[in-house]
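Heads up, the thing below is written out as C-alpha cells.
The values are calculated or read from the model by the stated rules, or taken from the named source; none is laboratory data. None of these values were measured; they are calculated from a predicted model. Using ideal geometry, Cβ is built from the backbone for each residue, glycine included, and neighbour counts are taken over all protein chains shown.
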Amino acid sequence: MTGFRLQQAALTVGGQAVLHDLDITIRPGERVALLGESGAGKTTLLRALREQQPNCIAWCPQQPGLVPVLSVFHNLYMGRLDQYATAYNLLNLIRPTPARRREVTALANRLGLGDQLWKPVEQLSGGQQSRINLGRALYQQRSIFIGDEPVSAIDERQGADLLALVCDLHETVVLALHNVDQALAHCNRIIGIRDGRVAFDSPSDQLTSADIKPLYPSDAS
C-alpha cells in the first residue's frame with residue numbers, strides 16, 4: 001500500500017480557495033489527526049486524500065446517511081455493498097447468510113450494539129446512529145481509514161474506545177477531530193489548520209494542548 005502525497009497551490013470548494021500552499025505526505029502506518037476550527041478546511045483536505053485511493057479507503061463521513069427504516073444489521077452490511085454482486089446483496093437484505101450474520105453480529109457487539117441488531121435505526125439515539133455510521137466504515141475492512149469527526153456525537157469514554165478500535169483495525173488512519181485530547185492520545189502526528197493554511201505538522205509526542213490552543217482563537221476568553 002502506498003501513502004498519500006498532496007502538493008497543491010490551493011484546494012477549492014465551489015470555485016473558492018479553502019486551503020493554500022499544501023505540501024503533505026502521509027506514509028503507511030501513520031495515524032494522523034487534522035485539527036482546526038469548524039470551517040478550517042479539514043473536510044476539504046480529507047476529500048482530496050480520498051480521491052487519491054478510493055478503493056483502499058474505508059470512509060466515515062460526518063453525516064451518517066443511514067437508511068432509517070432498515071435495521072442496524074442492514075445498515076452495517078451496507079458498508080460492503082460494492083464488494084458483492086447485486087443478487088447477493090438482495091439475498092442478504094431479505095435473508096442474511098450465516099457468514100454475513102456472524103460477521104455483522106461480531107462487529108455490532110464490538111460497537112456496543114449487539115442487543116439492537118434488528119431494530120430500525122430510526123428508533124435509536126443519535127449516539128447509537130453515529131456508532132452505526134462508524135461500524136459501516138469498519139465493515140469495509142480496508143487498509144486505510146479516513147474519518148470526518150467519526151466520534152463527535154459519542155460520549156468521550158466510548159469515543160476513546162472506538163478510536164482505539166479504528167487504529168487497531170487499520171494500517172493507516174487519517175481523522176478530522178474536534179477533541180484535542182483524543183487526537184494526542186490516539187494519533188502519532190497532528191496537522192493543525194488555521195487561516196486556510198497548515199499552521200503546523202508535528203509528531204503528537206512533541207505537542208501539548210497549549211501548543212494546539214492557538215488553532216481555536218474563538219475559544220479564547
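Just name the residue that is modelled with the lowest pLDDT out of those in the stretch 70-88 that are among the aromatic types (F, W, Y) and more than 19 Å from A106 (Cα to Cα). Talk me through it step by step, then tell me what you get.
Of all residues in the stretch 70-88, those among the aromatic types (F, W, Y) come to 73, 77, 84, 88.
Of the ones still in play, those that are also more than 19 Å from A106 (Cα to Cα) are 84, 88.
Details: Y84: 89, Y88: 92.
Here the answer is Y84.
Give the residue that is surrounded by the most Cβ atoms within 10 Å (Cβ to Cβ), with candidates limited to residues of the stretch 167-177 that are aliphatic (A, V, I, L, M) and not in a strand (DSSP E or B).
So the first thing to find is which residues in the stretch 167-177 are aliphatic (A, V, I, L, M), and the list is 169, 173-177.
Imposing the further condition that a residue be not in a strand (DSSP E or B) reduces the set to 169, 177.
On the way: L169: 15, L177: 25.
Looking at the filtered set, the residue picked out is L177.
Within the stretch 51-69, is even one residue polar (S, T, N, Q), assigned to a loop (DSSP other than H, G, I, E, B), in contact with a helix residue (DSSP H, G or I) (Cβ under 9 Å, 6 or more places away or on another chain) and in contact (Cβ under 8 Å) with a residue 60 or more places away in the chain? Walk me through how you get there before you give the answer.
If we filter the stretch 51-69 for residues that are polar (S, T, N, Q), which is where we start, we get 52-53, 55, 62-63.
Those left that are additionally assigned to a loop (DSSP other than H, G, I, E, B): 52-53, 62-63.
From the residues that got through so far, the ones that are in contact with a helix residue (DSSP H, G or I) (Cβ under 9 Å, 6 or more places away or on another chain) too are 62-63.
From what is left, the residues that are in contact (Cβ under 8 Å) with a residue 60 or more places away in the chain are 62.
Looking for residues that are polar (S, T, N, Q), assigned to a loop (DSSP other than H, G, I, E, B), in contact with a helix residue (DSSP H, G or I) (Cβ under 9 Å, 6 or more places away or on another chain) and in contact (Cβ under 8 Å) with a residue 60 or more places away in the chain, one finds at least one in the stretch 51-69, hence yes.
Of everything in the stretch 130-162 that's of a type in the set (V, I, T) and not in a helix (DSSP H, G or I), which residue is modelled with the lowest pLDDT? Give the derivation first.
First, the residues of the stretch 130-162 that are of a type in the set (V, I, T): 132, 144, 146, 151, 154.
Checking which are not in a helix (DSSP H, G or I) leaves us with 144, 146, 151, 154.
Details: I144: 96, I146: 97, V151: 93, I154: 90.
Taking the candidates together, the pick is I154.
Show the residue pairs that are 6+ apart or on different chains and have beta-carbon atoms under 8 Å apart, the first residue being within the stretch 1-22 and under 15 Å from A40 (Cβ atoms) and surrounded by 13 or more Cβ atoms within 10 Å (Cβ to Cβ), the second being among the basic types (K, R) and at pLDDT 90 or above.
Final answer for the pair search is L19/R197; H20/R197.
Which ones in the stretch 178-206 are assigned to a strand (DSSP E or B), in contact with a Lys or Arg (Cβ under 8 Å, 6 or more places away or on another chain) and of a type outside the set (S, T, N, Q)?
As a first pass, look at the stretch 178-206 and keep what is assigned to a strand (DSSP E or B): 189-194, 197-203.
Next cut, in contact with a Lys or Arg (Cβ under 8 Å, 6 or more places away or on another chain) only: 189, 193, 201-203.
Once the filter is applied, which keeps residues that are assigned to a strand (DSSP E or B), in contact with a Lys or Arg (Cβ under 8 Å, 6 or more places away or on another chain) and of a type outside the set (S, T, N, Q), the stretch 178-206 yields R189, I193, D201, P203.
How many residues does the stretch 186-198 contain that are at pLDDT 95 or above and of a type outside the set (V, I, T)?
5
With the structure loaded, tell me whether N109 is more than 19 Å from the chain's Cα centre (by Cα) and free of Cβ contacts under 8 Å to residues at least 12 places away in the same chain or whether it fails that test.
For N109, the condition - more than 19 Å from the chain's Cα centre (by Cα) and free of Cβ contacts under 8 Å to residues at least 12 places away in the same chain - is met.
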